[in-house]
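A.B. asks: This is the structure I want to talk about, given as structure tokens.
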Amino acid sequence: MKHILSLAAAMLAATPAFADISVRFIESAPKDRFVFLNEGCPLSQVDVEIDLTGSRGSLIFDVTGNGAGVEVFQPVEVQSGTVVMTPAVDGDQSLTFQINGFDAGSEVIISADLDDVLINGALGQIRVADQELSGAIVRVTIDGQVASAMFDTDTVAIPHSCTS
């Protein structure tokens, strides 16, 4: 019996635990923010893509005053965390970056100006209304495993496994 319990404990220790990376979008002025929270185990590298192409508001990153966006514009910037980012071009609907050293309980915050390109958006084109983010996707790759979540509200959870 003792050997069976030891074997069961060893099997449970090798079984992956499941955790989440939550992603919250915060509409704000002058900058909107994506807040990534690691609710699980420490991660050394997380590749991230924010894909706005399917968003209900046809959202874009507005990074210059001479492009596709309206009125106010802001560069895409890392507010907290250790991140290597591919620069965003005005009008892009996708942003990719790598989070290095993503500790359990820590946050990464990316600020940007998102605009919709709808003619009659609920809050105009310079602010993201309730459902305009709906349909946007966040993809993460951890140790070669891809997971994603589609926004329906302002927060999504992306499950990933941790080996304990």
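A.B. asks: For a paramagnetic label modelled at 7 Å from the Cα of Arg139 toward its Cβ, which residues of segment 75-94 fall within the zone defined by backbone nitrogen distances under 12 Å?
C.D. replies: Residues passing the 12 Å test: 94.
A.B. asks: Using a probe radius of 1.4 Å on heavy atoms only, what accessible surface per residue do you get for segment 39-97? Whole Å² is fine.
C.D. replies: 49
The values are calculated or read from the model by the stated rules, or taken from the named source; none is laboratory data. Being a predicted model, the structure only gives us computed values, none of them experimental. Note that we place each Cβ from the backbone using ideal geometry, even for glycine, and neighbour counts take in every protein chain shown. Quick note on the areas: whole protein, heavy atoms, side chains included, nothing else; ligands and nucleic acids left out. Shrake-Rupley method; radii C 1.70, N 1.55, O 1.52, S 1.80 Å.
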